[in-house]
Amino acid sequence: MSIIISILIFSIVILIHEFGHFVTAKLSGIKVNEFSIGMGPRLCGVKKGDTEYNIRIFPIGGFVAMEGEDEDSGSEGSFNSVPVQSRIAVVVAGAVNNILLGFFILCLMNNMQGAITSKTVSSFYDGAMTEKTGLRVNDEIVAINGRKCYVADDIIYEFARTENEKADFTVIRDGKKVELKDVTFDTYVGEDGVKQLVLDFTVYPIQKTVPNIAKESLNGTVSIARLAFLSLVDMVSGRVELNNMAGPVGVVSTISEVASYGIEPVLYIVALITINLGVFNLIPFPALDGGRLVFLLYELVMKKPINEKYQIALNLAGMVALLGFMAVVTFSDISKIFF
């Protein structure tokens, strides 16, 4: 049952993404030939008007096939027949939908909680090393090692990135910005043999009002979007190993694991996935929405499109690279499950 729920959640995230492309295309006057959830052979579907609505056998993606999207088409309602601004809107709509979904999920989560977690220190545990090395009660933590902390979770993430158990804090103290150098943490070794930092202080709750929920949910959305980018940078730089990245199999496995802990962990994972999907799709890489966006921005600025044969060649190369990358990540996901 947890696997079925996981697949359903993954499919909904994809549906939201593709629905953004679909609706914006329709509103822009572009003919949509097919709206499909899943990949591979067609399981079932129905045709209404000019559009086929299909469900395909593998629940690992989806697509919206627009007239003239990947080739020249002289027919009315083709992708290239509408203004470039409309095509830009169509391309980014999927990612925008995913990010908006993440925002609304975070709003729901913040509303479910008794209070919202702040970034302002309320107390220290006995002998807290962070207090001994500079942190004080009522300090509002605004940045660690030069990176802004949007929500309390950013503090935890930056703890994990610290080296030598020390970090530089930027706090608001008595209304003034104060820089704290080399704030030090206690550590312990977990059951897996990995050294862990000790979070030795508590923070105040934030009153749960509609403006505060909206503000903290927006901050959380920005935080997760930045986390997706930083994780990619860490992977490319070698700070994080490739096998720590999850593909569709890993996503389904992760949702299945956290499902037993209750609704809130599942909601957070869904928010994480959908915002990551939105950010990842806007990366300026061929075959992704971000790659197509670069082509369209060039056309908008230069008043002429990039030669179509170059676009096709770049998209093909990008697709091959993405499929290869997906194969590696999927193999890693399966290996984790069985070994």
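Taking the dipole about the Cα centre of the chain, with the C-beta of Lys and Arg at +1 and of Asp and Glu at -1, give me whichever of Met66, Leu232, Ile37 is farthest to the positive side. The one lying farthest along the dipole's positive direction is Met66.
Can you tell me how much longer the chain between Thr202 and Asp126 gets when fully stretched, taken as 0.36 nm per residue apart minus their C-alpha distance, in nm with one decimal? Walk me through the intermediate numbers first.
Numbers: separation 76, 0.36 × 76 = 27.36 nm, distance 1.18 nm.
Here the segment from Thr202 to Asp126 would lengthen by 26.2 nm.
For Thr187, put the label point 7 Å out on the Cα→Cβ axis and report which residues of region 128-169 keep their amide N under 13 Å from it. Under cut-off, by backbone N: 160-167.
Note on Arg42 and Ile312: with the Förster distance fixed at 35 Å, the Cβ-Cβ geometry gives a FRET efficiency of about 0.85.
Within 10 Å, count the other beta carbons around each residue, average over each peptide in 327-335, 62-70, and list them highest first.
Numbers: 327-335: 14.9, 62-70: 19.7.
So the peptides 327-335, 62-70, ranked by packing, come out 62-70, 327-335.
Taking each residue as 0.36 nm, the span from Glu76 to Glu179 lengthens on full extension beyond its C-alpha to C-alpha distance by 31.0 nm. Other residues whose C-beta falls under 9 angstrom from the C-beta of Leu230 contribute a net charge of +2, scoring Lys and Arg +1 and Asp and Glu -1.
In the context of the full set of protein chains, residues of region 12-147 present 49 Å² of accessible surface per residue (probe radius 1.4 Å, heavy atoms only). For region 282-339 and region 132-155, compute the distance between their C-alpha centroids and round to whole Å. For region 282-339 versus region 132-155, the Cα centre distance is 37 Å.
Legend: residues Ile7, Ile255, Ile156, sorted from most to least accessible area (1.4 Å probe; ligands, DNA and RNA excluded), read Ile156, Ile7, Ile255.
Determine the dipole magnitude for the chain: charges of +1 sit on the beta-carbon of Lys and Arg, -1 on that of Asp and Glu, nothing else is charged, the reference point is the Cα centre, and the result goes in debye to the nearest 20.
On the way: 28 positive and 36 negative charges, 134 e Å.
Around 640 debye, computed over the chain.
Using a probe of 1.4 Å on the protein chains alone, the accessible area found for Leu297 is around 80 Å². Connecting C-alpha atoms closer than 10 Å in a GNM of the chain, tell me which of Gly193, Gly127, Gly290 has the biggest fluctuation. In this elastic network of the chain, the residue with the biggest mean-square fluctuation among Gly193, Gly127, Gly290 is Gly193. In the chain, taking the dipole from charged Cβ atoms about the Cα centre, the farthest positive-side position among Val198, Ala246, Ile9 is held by Ile9.
Provide Cys149, Cys107 ordered by accessible surface of protein heavy atoms (probe 1.4 Å), highest first. Don't jump to the answer; show the numbers that get you there.
Numbers: Cys149 0, Cys107 30 Å².
The residues order as Cys107, Cys149, largest area first.
Candidates Ala287, Thr221, Leu272 compared by Cα position along the dipole of region 189-339: farthest toward the positive end lies Ala287, with charges placed on Cβ.
Here is the link list: Lys26/Lys48; Lys26/Lys303; Lys48/Lys309; Lys119/Lys148. Which ones come out longer than 22 Å on Cα distance? Could the numbers behind the result be given before it?
Details: Lys26/Lys48 13 Å; Lys26/Lys303 24 Å; Lys48/Lys309 33 Å; Lys119/Lys148 11 Å.
Beyond 22 Å between Cα atoms: Lys26/Lys303; Lys48/Lys309.
Normalised by the residues of region 90-194, what does the relative contact order come to in percent, with Cα pairs under 8 Å and at least six apart?
Numbers: 111 pairs, mean separation 23.6, N = 105.
Relative contact order comes out at 22 percent.
Annotation: extensible slack from Asp168 through Asn145 equals 7.8 nm (criterion: 0.36 nm per residue apart, minus Cα-Cα distance). Between Phe229 and Leu300, the simple spin-label model (points 7 angstrom out along Cα→Cβ) gives 1.7 nm.
Treat every Asp and Glu Cβ in region 233-338 as -1 and every Lys and Arg Cβ as +1, leave all other atoms uncharged, and give the resulting dipole magnitude about the Cα centre to the nearest 20 debye. Show your work: numbers first, answer last.
On the way: 6 positive and 8 negative charges, 88 e Å.
For this selection, approximately 420 debye.
The values are calculated or read from the model by the stated rules, or taken from the named source; none is laboratory data. If you're wondering where the values come from, they're calculated on a predicted model, not measured in any experiment. Here Cβ is always computed from backbone atoms with ideal geometry, including for glycine, and neighbour counts include all displayed protein chains. When the accessible area is computed, the model is the full protein with side chains, heavy atoms only, and any ligands, DNA or RNA have been set aside. Shrake-Rupley method; radii C 1.70, N 1.55, O 1.52, S 1.80 Å.
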